[in-house]
Structures are given as structure tokens and as C-alpha cells.
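What follows is a set of notes on a single structure, which appears directly below.
We did not get these values from a lab; they are worked out from the coordinates using the rules stated. Since the structure is predicted, the reported quantities are computational estimates derived from the model, not experimental observations. Here the Cβ positions follow ideal geometry from the backbone for every residue, glycine too, while neighbour counts run over all protein chains shown.
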Amino acid sequence: MNLTHLGQASSLPASPAEAKLDYVSNPRPGKAYLVRFTAPEFTSLCPVTRQPDFAHLVIDYAPGETIVESKSLKLFLGAFRNHAGFHEDVTVGIGDRLAEEMKPIWLRIGGYWYPRGGIPIDVFWQTGEPPKGLWVPGQDVPSYRGRG
């Protein structure tokens, strides 16, 4: 196991493309279980105005042979602070990169974006149907209601 970040001083990557995600062996191979990461203060930049966009991200996955190391994931997500991208591209891009590199049995991501210009945008993506028998709790992030 050759880890880039765990147990070492690590600085925030300059961009998501430069971020190195670390993966370790699944400690419970063959078991159907779900891992959830929640990033309630995620930020990126609007590609047009360069103003900050804020989201509550929920990433759920059923591990295959590996799991993502949490410190490397935190640094990867933090690298979006200076990244300009539309909500759809950012949310699906995060899920796609994790799915492509980690090769989980199943993965979904919910991006619950806070409104700018009066319209909240929620973006959801998953790799397919969850495996039979896997307990998949709801993400339980309420839709934005404003004063409602």
C-alpha cells in the first residue's frame, strides 16, 4: 500500500485534475455494505462569473476491491474551491472519477446546490441499480425551501 496523503503533511492540490486519490484494499471483501461521505460545505466557482457556488454533497458507494482513503478524498474535494464548473459537470465529474478509479460495485452522488440567482440546482448521478440486498438509506437532504 503506497499512500500519498495518510500520515503525511499534504497541501491542497491546485486543481481537481492534479489531485491524487488514494485507494486501499476493502477490509470486508464479499460483504454488501455501503460507505457514505458527506461534504456539507463543498465549494466551487461559477465558470461565467467566477463567484463561489456552495453545495451539500452526499457520496454513497458499495465497495468492490478497494475503498477511497478519506484524507485524499477531502483534498480532492477541496481542490474544487478554485475550479470553475457548472453544477452538473462538477457533481457528475466527482462521481465519474471515483467510479472510474475505485471501481465500486455501485456508486451514487447527490449534489444539493444552494441557490444563486434564485434557483437551487440539485444534481444526481449513479452508476446503475444498487446491488440486491444492499441497504441504501435516503440521502435526506431537504430541497431548498427559502422562506417557504
Requested in this report: Determine ³J(HN,Hα), in whole Hz, for all residues of segment 67-84 in sequence, where each value follows from phi through the Karplus function 6.51 cos²θ - 1.76 cosθ + 1.60 and θ = phi - 60°; x replaces Gly and Pro.
Outcome: 10, 7, 6, 5, 5, 5, 5, 4, 5, 4, 5, x, 5, 6, 4, 10, 9, 9
Query raised in the report: Angle between the Cα long axis of helix 87-102 and the longest principal axis of the chain, 0 to 90 degrees, nearest 10?
Result: 10 degrees
Query raised in the report: In nm, to one decimal, how far is the modelled label at I119 from the one at V141, with both set 7 Å along Cα→Cβ?
Result: 1.9 nm
Query raised in the report: Just one of (1) 46, 38, 21; (2) 47, 32, 27; (3) 47, 39, 31 is Cα extents along the principal axes in Å calculated from these coordinates, so which is it?
Result: (1)
Requested in this report: Could you work out how far the C-alpha centroid of segment 67-91 sits from that of segment 114-132, in angstrom?
Outcome: 15 Å
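Determine the calculated [θ] at 222 nm for the chain from helices alone, applying -39500 (n - 2.57) to every DSSP H run no shorter than 4 residues and normalising by the residue count; nearest 500 deg cm²/dmol.
Numbers: 2 runs with 25 residues, N = 148.
Helices in the chain give a 222 nm mean residue ellipticity of -5500 deg cm²/dmol.
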Query raised in the report: Going 7 Å from the Cα of R28 toward and past its Cβ, which residues in segment 66-96 have a backbone nitrogen under 15 Å from where you end up?
Result: 66-68
Requested in this report: In whole Hz, with x marking every Gly and Pro, tabulate ³J(HN,Hα) for segment 30-38 from phi via Karplus 6.51 cos²θ - 1.76 cosθ + 1.60, θ = phi - 60°.
Outcome: x, 9, 8, 9, 10, 10, 10, 10, 10
Report task. Mind giving me the FRET efficiency for E18 and L134? R0 is 25 Å, r the Cβ-Cβ distance, nearest 0.05 is fine. Result -> 0.15
Report task. Report, by chain and number, residues whose modeled amide H sits under 5 Å from the one on D22, excluding near sequence neighbours (fewer than 5 apart, same chain). Result -> E69, S72, L73
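Subtract the Cα-Cα distance of D96 and T49 from 0.36 nm times their separation in residues, and report this length gain in nm to one decimal. Present the calculation step by step, with values, prior to reporting the outcome.
Details: separation 47, 0.36 × 47 = 16.92 nm, distance 2.54 nm.
Length gained between D96 and T49: 14.4 nm.
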Report summary line: Spelling it out for D122: with amide H atoms placed in the peptide plane at 1.01 Å from N, the residues 5 or more places away or on another chain with amide H under 5 Å from its amide H are W113
